[in-house]
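Novice: Got a structure for you, written out below as structure tokens; questions coming shortly.
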Amino acid sequence: MTKSQLADIVAKKGHLPKKAATEAIEVFLDEVKRTLKKGEKVVLSGFGTLYLSKVADKEVVPFGNEKRRQTIKAHKVINFRVGKPLKKAVW
């Protein structure tokens with residue numbers, strides 16, 4: 001599903017103009033980004049939780065090539081933990 005398709009569904013089910021639905025989705029996504037950037041969790045009851053994790057430096061060896069060791073610098077990743085209702089609905 002694309003953002004545009006989601007906006008169509010929200011507009012139809014929410015009895016809103018498509019422009020208002022698109023704007024609401026944009027505001028929601030901007031707030032999720034802002035919250036994650038601050039290092040806070042985004043908890044959507046019944047859906048799941050988005051949160052940041054830090055990955056430490058690690059050394060990797062390309063398959064079968066010991067001479068080409070590379071170090072991947074520490075970085076952040078976004079994780080998603082599925083909520084029980086969503087898990088039940090999908091699995």
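Novice: Taking the conditions exactly as written (surrounded by fewer than 12 Cβ atoms within 10 Å (Cβ to Cβ) and in the same structural domain as THR2 (by TED's automatic domain parsing)), does VAL90 satisfy them or not? Before the answer, list the steps.
Specialist: Numbers: surrounded by fewer than 12 Cβ atoms within 10 Å (Cβ to Cβ): yes; in the same structural domain as THR2 (by TED's automatic domain parsing): no.
No; evaluated as a whole, the condition is false for this residue.
Novice: For residues that are touching a strand residue (DSSP E or B) at 6+ places or on another chain (Cβ under 8 Å), part of a helix (DSSP H, G or I) and of a type in the set (Gly, Ala, Ser), tally how many sit in segment 9-44.
Specialist: Summing the residues that are touching a strand residue (DSSP E or B) at 6+ places or on another chain (Cβ under 8 Å), part of a helix (DSSP H, G or I) and of a type in the set (Gly, Ala, Ser) in segment 9-44 gives 0.
The values are calculated or read from the model by the stated rules, or taken from the named source; none is laboratory data. Keep in mind that this is a model prediction, so the values were computed, not measured. Counting neighbours? That spans all protein chains shown, and the Cβs are built from the backbone with ideal geometry, glycine included.
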